Amino acid sequence: MQIAVASGKGGTGKTLVSTCLLRILGDKNSVLIDTDVEEPNAGLVLGQAVQKTTNVSRLVPEIAPRACNLCGECAEICSFNALVVLSDKVLVFDELCHSCGACTYLCPLRAIKEIEHPIGVIEEAQLPGYGTLLTGRLNVGEAQSPPLIKATKSQKATSALRIVDCPPGTTCAMIESIRDSDYCLLVTEPTPFGLHDLELSLEAIEMLNIPGGLVINRWQGEESELTALSDKTGVPILGRIPFSPELARAYMQGQDPLEAMPSLHGILTDIFNQIKGALS
Amino acid sequence: MKEILFISGKGGTGKTSLTSSFIQLADNCVACDYDVDASNLPILLKPQKVSSHDFSAGYTAHIDEESCISCGLCAELCRFDAINEEFRVLPLSCEGCGFCEKICPVQAITMYPRSSGHWAEGMFNQKHKVFFADLRPGEENSGKLVAQVKTMARKRADTEQTPLIIADGPPGIGCAVISSMVEVDLIVLVTEPSLSGFHDLQRVYQLMQLRGIKGMVIINKWDLNPDISQEIENWALNNDLPLAGKIPFSNIIVQSIAQAEIPATNPVIRKMLFPLWENIIEQLTVV
């Protein structure tokens, strides 16, 4: 089973929920996948040392100057303006290239080959008794995160329980993160920002046809707008994590949230049981 | 004209609460929201829309079923798994590279421009301009939409001789943030004293350095963790990042946001943030 934990808005508690879910439910074969590759935080919360680091690259073109006759076909083909043909050479802008491979395949003189452009790493950390953490970490300065997200998610694909800690937003990075999940848990907060961004996330899970449920974090009793949205979309509210300054403080320091708020264990177990029920 | 960008790395540190407040404190500015896939600044500024424009970037492939001979070449060559077994295009996976269109032996594939969202110009407080955008969920090209918002805002500031652009940035360090940083004069890093806040701050700082932009730091909710707050202060000092100020956790700010109000409309918050704004403006004159 793969459960994606997403939110739309940043800072609503995705990492809190996903790390605690893994700790409560995980066994040695479970995995938590941190696909917030721009700013991965699950490793900080779980505090386990990284044992293995794997480099991830994507392919970009390299022109063999001797074979190239500067015909300009490649620049014509490229939809992303990643190739510029000058009077004496072809310039390749790796950061604009989407690694589609069209220029390489279509070069009339076969003067282009593809080389690896490093984009980040996958870090693997063993967690005591509850599985493995896989963290995608994008190189600073690299613009495109989806290829790294895809590579990170391709690891340990057969694990019985996979929890995906997704990036904020609703762009291609979020889509890549929630793709192929059995369920998407959307963590929200009862503020106008939380509500606005949640509506967009609900559109995203609907487009991918992934069943979803809501968790209201920092709940303080008032939830009429979230209830209305839940009723309108048919996406149920599965649980509420009450606002707690103790939890906020402990979590900020990297202390155990399940100790700071003992009731969290029951809240998350109940949420998981509802997900299982919905999927069976 | 100068441009100030508020970013944080981590989401939820209080960028929009603070940016909206500084926009309120500034005498004359053009406001911008570069968080195009979860645009929250307009929720607080409540602008009257002046104009709204469709934004399309990139293309999506379409396969004409009549002419397709099901040879499978397109599906085989597509790197994005965007063509399924029935030879239909999956728009959410299609990157718009056009490879399939070029290799289809029977020219059954056409590339269509893709509507990615829209951008808008609005007015708030009867005089200030604000530029914002909404990327359609699931779209890429957020960097291009940010660039569009930026171009329009800078043009407006130029024609109306507005001396300052104040921009609310997106979380992360990827394409949208990189695009937000173009031509920016000063970056204000809004952080919170948590392990993840500090970690994310350092990554966005590295990006800022790669781009050669000067910055300063605001530690929001500093009193929730004075130890990490002190660590961040020391780190900022060692990295030539002046501290614009520290803001304690405030229930008034929480209440303002709950009511979709700009926190600085409250006189207590206004008074608290004013010295920080003066520090930012002073820094802007030396960068």
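The values are calculated or read from the model by the stated rules, or taken from the named source; none is laboratory data. The model shown is predicted, which means the values in this text are computed figures rather than measured ones. Cβ placement follows ideal geometry from the backbone for every residue including glycine, while neighbour counts extend to all protein chains displayed.
Limited to the stretch B:72-87, what total is found for residues that are more than 12 Å from chain A (Cβ to nearest Cβ), surrounded by 14 or more Cβ atoms within 10 Å (Cβ to Cβ) and in a loop (DSSP other than H, G, I, E, B)?
Taking the stretch B:72-87 and keeping what is more than 12 Å from chain A (Cβ to nearest Cβ), we get B:72, B:75, B:83-87.
Still in the list and also surrounded by 14 or more Cβ atoms within 10 Å (Cβ to Cβ): B:75, B:83, B:87.
Keeping just the survivors that are in a loop (DSSP other than H, G, I, E, B) gives B:87.
Final tally of qualifying residues: 1.
Just the residues that are in contact with a Leu (Cβ under 8 Å, 6 or more places away or on another chain), over 25 Å from B:His199 (Cα atoms) and either among the β-branched types (Val, Ile, Thr) or not assigned by TED's automatic domain parsing to the domain that holds B:Asp200 (or both), please, taken from the stretch B:258-283.
B:Ile262
Restricting to strands (runs of 3 or more DSSP E) lying wholly in the stretch A:126-201: which have 2 or more residues that are within 13 Å of chain B (Cβ to nearest Cβ)? Walk me through it before giving the result.
Details: elements: A:131-138, A:162-165, A:183-188.
Output list reads A:131-138, A:183-188.
I'd like to verify a number: residues in the stretch A:63-101 that are surrounded by 15 or more Cβ atoms within 10 Å (Cβ to Cβ) and not in a helix (DSSP H, G or I), how many?
17
Please state which of the following conditions A:Ser224 fails to meet, knowing it meets all the rest: (1) crowded, with 16+ Cβ neighbours inside 10 Å; (2) hydroxyl-bearing (Ser, Thr, Tyr); (3) more than 20 Å from the chain's Cα centre (by Cα).
(1)
If you go through the stretch A:208-221, how many residues are outside any strand (DSSP E or B), touching a residue at least 24 places away in the same chain (Cβ under 8 Å) and either surrounded by 15 or more Cβ atoms within 10 Å (Cβ to Cβ) or within 20 Å of the chain's Cα centre (by Cα) (or both)? It would help to see each step written out before you state the result.
Applying the first criterion (outside any strand (DSSP E or B)) to the stretch A:208-221 yields A:208-211, A:220-221.
Filter once more, keeping what is touching a residue at least 24 places away in the same chain (Cβ under 8 Å): A:208, A:210-211, A:220.
Imposing the further condition that a residue be either surrounded by 15 or more Cβ atoms within 10 Å (Cβ to Cβ) or within 20 Å of the chain's Cα centre (by Cα) (or both) reduces the set to A:208, A:210-211.
Final tally of qualifying residues: 3.
Go through A:Ala75, A:Ala143 for me and flag whichever is modelled with pLDDT under 95 and not hydroxyl-bearing (Ser, Thr, Tyr).
Criteria check complete, one pass: A:Ala143.
So that you can scan it fast, the table gives a plain yes or no per residue for (1) over 19 Å from B:Lys10 (Cα atoms); (2) surrounded by fewer than 16 Cβ atoms within 10 Å (Cβ to Cβ); (3) in contact with a Lys or Arg (Cβ under 8 Å, 6 or more places away or on another chain):
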position	(1), (2), (3)
B:Glu183	yes, yes, yes
B:Arg203	no, no, no
B:Gly212	yes, yes, no
B:Ile219	no, no, yes
B:Trp222	no, no, yes
B:Asp240	yes, yes, no
B:Leu243	no, yes, no
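Of the residues that make up the stretch B:249-260, is at least one within 26 Å of B:Ile178 (Cβ to Cβ) and surrounded by 21 or more Cβ atoms within 10 Å (Cβ to Cβ)? Talk me through it step by step, then tell me what you get.
Within the stretch B:249-260, the subset within 26 Å of B:Ile178 (Cβ to Cβ) is none.
Within the stretch B:249-260, not a single residue is within 26 Å of B:Ile178 (Cβ to Cβ) and surrounded by 21 or more Cβ atoms within 10 Å (Cβ to Cβ).
Is it the case, given these coordinates, that B:Ala133 is buried (at least 24 other Cβ atoms within 10 Å of the Cβ), under 24 Å from B:Asn28 (Cβ atoms), in contact with a Leu (Cβ under 6 Å, 6 or more places away or on another chain) and among the aliphatic types (A, V, I, L, M)?
Numbers: buried (at least 24 other Cβ atoms within 10 Å of the Cβ): yes; under 24 Å from B:Asn28 (Cβ atoms): yes; in contact with a Leu (Cβ under 6 Å, 6 or more places away or on another chain): yes; among the aliphatic types (A, V, I, L, M): yes.
The answer is yes for B:Ala133.
Of the numbered conditions (1) within 14 Å of chain A (Cβ to nearest Cβ); (2) surrounded by fewer than 24 Cβ atoms within 10 Å (Cβ to Cβ); (3) hydroxyl-bearing (Ser, Thr, Tyr), B:Thr16 satisfies every one except a single condition; which is it?
(2)
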